[in-house]
1. Can you tell me which residues in region 20-51 are touching a strand residue (DSSP E or B) at 6+ places or on another chain (Cβ under 9 Å), assigned to a helix (DSSP H, G or I) and closer than 29 Å to SER79 by Cβ?
2. For residues that are modelled with pLDDT under 90 and of a type in the set (A, V, I, L, M, F, W, C), scanning just region 154-186, find the one that is farthest from ILE100 (Cα to Cα).
3. Got a sec? Which helices (runs of 4 or more DSSP H) wholly within region 185-303 have at least 3 residues that are of a type in the set (S, T, N, Q), more than 30 Å from ILE112 (Cα to Cα) and more than 16 Å from ligand 2 (Cβ to nearest atom)?
4. Would you be able to say whether some residue in region 270-293 is at pLDDT below 85, more than 23 Å from GLY82 (Cβ to Cβ) and surrounded by 13 or more Cβ atoms within 10 Å (Cβ to Cβ)?
5. When the residues of region 301-326 are narrowed to those that are of a type in the set (A, V, I, L, M, F, W, C) and at pLDDT below 90, which ends up farthest from SER234 (Cα to Cα)?
6. Which condition does LYS67 not pass, out of (1) away from ligand 1 (no atom under 15 Å from the Cβ); (2) modelled with pLDDT of 95 or more; (3) of a type in the set (Lys, Arg); (4) surrounded by fewer than 24 Cβ atoms within 10 Å (Cβ to Cβ), if it passes all the others?
7. When you check LEU12 against the structure, is it in contact (Cβ under 8 Å) with a residue 12 or more places away in the chain and either over 20 Å from GLU211 (Cβ atoms) or more than 15 Å from ligand 2 (Cβ to nearest atom) (or both), yes or no?
8. From the set of residues in region 223-258 that are within 16 Å of ligand 1 (Cβ to nearest atom) and in contact (Cβ under 8 Å) with a residue 24 or more places away in the chain, which is nearest to THR286 (Cα to Cα)?
Amino acid sequence: MNRKCPVLYLVLPCYNESETIDHSAVKVKEKLQRMVSEGKISPYSKALFVDDGSKDDTLSKLHELTKNDTVFGTVALSSNRGHQNAIMAGMMTARKFADIVVTIDADLQQDIEALDEFVLKFTEGCDVVYGIRNDRSSDGFFKKMTASAYYGLMHTLGASIMTNHADYRLLSKRALDMLSEYKETNLFLRGLIPTMGFQSDVVYFDVKEREFGKSKYTLKKMLNLALDGITSMSIRPLHIISAIGFIIFLISIALGIFTLVEFFMGNNIPGYTTSIFVSLLMGGMTMVSLGIMGEYVGKVYMETKHRPRYLIDSVVLKDTGDVDKE
Ligand code: UDP
Ligand code: MG
């Protein structure tokens, strides 16, 4: 692994990004060329786009770019597998040729100028560099609130996840090789990578508004990611259920003894409200507990299938240099 002038692969996941691609490609190329001329990265560095089964003409645009310019590469997934799997596919393809890989959104909302600092941290010896956003001023109120609640929840549940770190991140070839050993289907990179224990550092960057097209992270996709994050990184919800169950068990024994004593003392008070309240509460709690258990059972089921996380339809990469990194 070359720490001085590394081969950098930028991985950009794209889902229906037709409006953004051309613009981003120009910017990315410019940035890479500048870094090459400054001697910060190798001339074999590339921008590797991953088409996550887009339904618009993203893929044909990508192929057009790749055909005309060796600085670009394209990995096409056979169907939409989601952002996490798309970046995984990109990183796993890139690690065969690159010393370092940086993942960044294709809309370039994350400041690409921070790249120099990422690479600098790598030359100083880091294998993992996390991009942390400076503030959330470009987010709406709803996203701000849900994000901070979510990070709070994740910390309470014991997952070592960095607040305000999305997937703008540098991984060295060494870290990527290690990451390839993790076979889980239920992929949540933000939670997983900190557990690998490499020397790491952070880089702060600004987030801009999206310039072209709309967000591809629908509420459903966001909820799924949030849920994957919790269930893949923590089994504490299951412990909480057991603890609540145990407390309720103790209370019911006490209540049982109390009712019996009352019965034998002849104090038969009509307790309609209490009964309804208790049975509703218990029913509700049981349903919620079953639901949580169900989430985990479902995830276990998915994991036991050992299905591939994604299927690569095609890879276009040219002029990758004579050094085979494997
Ligand atoms: N993305 C993807 N697959 C999906 C959804 C999104 O590869 O199923 C990509 C998308 O093209 C973009 C990145 O993930 O490059 C982040 O998505 P987006 O910018 O829409 O999310 P936001 O910035 O609004 O959170
Ligand atoms: Mg975006």
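1. Within region 20-51, THR20, ILE21, SER24, ALA25, VAL28, LYS29 qualify.
2. Looking at residues that are modelled with pLDDT under 90 and of a type in the set (A, V, I, L, M, F, W, C), I get LEU157.
3. Numbers: elements: 189-192, 219-233, 236-264.
In region 185-303, 236-264 are the helices (runs of 4 or more DSSP H) which contain 3 or more residues that are of a type in the set (S, T, N, Q), more than 30 Å from ILE112 (Cα to Cα) and more than 16 Å from ligand 2 (Cβ to nearest atom).
4. Checked region 270-293: at least one residue is at pLDDT below 85, more than 23 Å from GLY82 (Cβ to Cβ) and surrounded by 13 or more Cβ atoms within 10 Å (Cβ to Cβ).
5. Pass one, region 301-326, residues of a type in the set (A, V, I, L, M, F, W, C): 302, 311-312, 315-317, 323.
Next, from what is left, pick out any that are at pLDDT below 90: 302, 323.
On the way: MET302: 17, VAL323: 41 Å.
Restricting to residues being of a type in the set (A, V, I, L, M, F, W, C) and at pLDDT below 90, the top hit is VAL323.
6. For LYS67, the failing item is (2).
7. No, not satisfied.
8. So, considering only residues that are within 16 Å of ligand 1 (Cβ to nearest atom) and in contact (Cβ under 8 Å) with a residue 24 or more places away in the chain, the one nearest to THR286 (Cα to Cα) is LEU227.
The values are calculated or read from the model by the stated rules, or taken from the named source; none is laboratory data. None of these values were measured; they are calculated from a predicted model. All Cβ positions, glycine included, derive from the backbone under ideal geometry; neighbour counts span all protein chains shown.
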